[in-house]
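Undergrad: Have a look at this one.
The values are calculated or read from the model by the stated rules, or taken from the named source; none is laboratory data. None of the values given here were measured: they were computed from a predicted structure. Every residue, glycine as well, gets a Cβ built from its backbone with ideal geometry; the counts of neighbours run over all protein chains shown.
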C-alpha cells in the first residue's frame, strides 16, 4: 500500500525561532553601506516581518510605498490598517509613487536599499531583497515557472521544516483578530465546507497587503486543537496555492496576458476566437452587472459592494466573462480590470493566477472541446446557484 504523505508529515512538532533571518530568505545579499533604507511595498506590518528583522541591526529609514485606490471603501480598509501600523514606527517616510521614492533615495544619498519581495515588481539588482511574502522563499524553492501545484508541492514539503519557524509575541492588529475568529468559529468545518462562503477565512486582504503574516497564520492554525484534516486543507491553500501564484508571477513573461498559459489552452482559445457568442457584453455592462444571468450579476454586485468574492465564485465569474466577451484577450483584461479595481485583496498574484486559471487554463488540464471556451474547464451552475 502506498502511503500518501501530507504537509503535516513534514512539519516538526516543535517549531524553533530564527535567531536572525535565514540567509535563504535573502536575495542579492551584500555588505550594508550607510545610509541605508528599507523599502516596503507589500509587508505592511511591524511584527512578524523578516524584512525589518534583517534590517534591524543597521541604521535605516523605513520607506513605505503606499497604494492609492479608486474605490473609497478599499482605500479606507487599507488606510485603517496602515495607520495603525505606522504608530509602531519612528523613523519612516510614506510615498505614493515610485518616482517619489527614487527622488528621496537620490536626494538623501542612500547607499543600500533593502526591500521586501514583491513578485509583481521587476527585480532591482542594486537592492537586497527579503522574502516575507512566502513561507518557503520563492527564489529559493524554484528557479523557474512551475507546471502546476503538484510540481511545487513536492518542493515545499521538502523544505517546509527549514522555513516554518515560530514567531515571538502575537501582533495586536485587525488581521490577527480576524485570524483568531476564523480559528475559533470556522476552522473545524474548513476541510468539508471551505467552498461555502460562510466558512472562508476572509484573510486574503490582510495577507495581500502584509497586514498579517501568512507564517503567523500557519503557526496559529498548527497550535489549534482542530482535526489534522482541517489543518491540512488550510495549509494547502495558505502555502501551496498562494506560493504557486508567487512562483508564476515571479517567472512569467507577462502575468497579465496569455504569454505563459499552456500551449493547448492558447491554441484552443485562438481556434474558437471567432465562434458565435450567445451574449456579447461590454466592460461597462459587466461592471454594472447588466448581464442576462442573475447569478453572475449577484456575484459582480457582491464584488462592488463588499470588495470580495468567494474564490470558487470568482472562478465562475471569470469563466462567464470569457464566454460573453467578443474575444479571449478582451475577457482577460476585463476580469483583471474589475478584480484589481474592486477586490480588497487586489492587485495580487493570487488574483492574476486565479483569473488565468479560469480563462486561460493556467495550472490546469484540457477538457472536452466546447464552443467559445474551447478546452478550458467549464463550471456547473447548479452548485453556484446553491452557494448564492
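Undergrad: Given the residues 230, 280, 297, 247, which is the only one that is farther than 30 Å from residue 150 by Cβ and assigned to a helix (DSSP H, G or I)? Spell out the reasoning first.
TA: Working: 230 fails: farther than 30 Å from residue 150 by Cβ; 280 fails: assigned to a helix (DSSP H, G or I); 247 fails: farther than 30 Å from residue 150 by Cβ.
So the residue among 230, 280, 297, 247 that is farther than 30 Å from residue 150 by Cβ and assigned to a helix (DSSP H, G or I) is 297.
Undergrad: So if I check each of 63, 32, 105, which one is within 25 Å of residue 206 (Cα to Cα) and either surrounded by 14 or more Cβ atoms within 10 Å (Cβ to Cβ) or touching a helix residue (DSSP H, G or I) at 6+ places or on another chain (Cβ under 8 Å) (or both)? Give the derivation first.
TA: Values: 32 fails: within 25 Å of residue 206 (Cα to Cα); 105 fails: within 25 Å of residue 206 (Cα to Cα).
The unique qualifying residue is 63.
Undergrad: What residue, among those in the range 174-193 that are touching a helix residue (DSSP H, G or I) at 6+ places or on another chain (Cβ under 7 Å) and surrounded by fewer than 19 Cβ atoms within 10 Å (Cβ to Cβ), is nearest to residue 314 (Cα to Cα)?
TA: Among them, the one singled out is 191.
Undergrad: Say whether the condition of being closer than 25 Å to residue 269 by Cα, free of Cβ contacts under 8 Å to residues at least 40 places away in the same chain and part of a helix (DSSP H, G or I) is met by at least one residue in the range 339-350.
TA: Checked the range 339-350: at least one residue is closer than 25 Å to residue 269 by Cα, free of Cβ contacts under 8 Å to residues at least 40 places away in the same chain and part of a helix (DSSP H, G or I).
Undergrad: Every residue in the range 108-147 that is touching a helix residue (DSSP H, G or I) at 6+ places or on another chain (Cβ under 6 Å) and part of a helix (DSSP H, G or I), please.
TA: Selection gives 138, 140, 141.
Undergrad: Looking at (1) without any contact (Cβ under 8 Å) to a residue 40 or more places away in the chain; (2) not in a strand (DSSP E or B), find the lone condition where residue 93 falls short.
TA: (2)
Undergrad: Mind telling me which of the residues 196, 148, 208 ends up being at pLDDT 95 or above, under 23 Å from residue 315 (Cβ atoms), surrounded by fewer than 19 Cβ atoms within 10 Å (Cβ to Cβ) and outside the structural domain of residue 31 (by TED's automatic domain parsing)?
TA: Working: 196 fails: at pLDDT 95 or above; 208 fails: surrounded by fewer than 19 Cβ atoms within 10 Å (Cβ to Cβ).
Answer to the check: 148.
Undergrad: Still on this structure, please answer the following. Could you please find all residues in the range 27-61 being modelled with pLDDT under 95 and within 19 Å of residue 81 (Cα to Cα)?
TA: Once the filter is applied, which keeps residues that are modelled with pLDDT under 95 and within 19 Å of residue 81 (Cα to Cα), the range 27-61 yields nothing.
Undergrad: Go through the range 270-318 and count every residue that is more than 27 Å from residue 198 (Cα to Cα) and more than 26 Å from the chain's Cα centre (by Cα).
TA: Number satisfying all stated conditions: 15.
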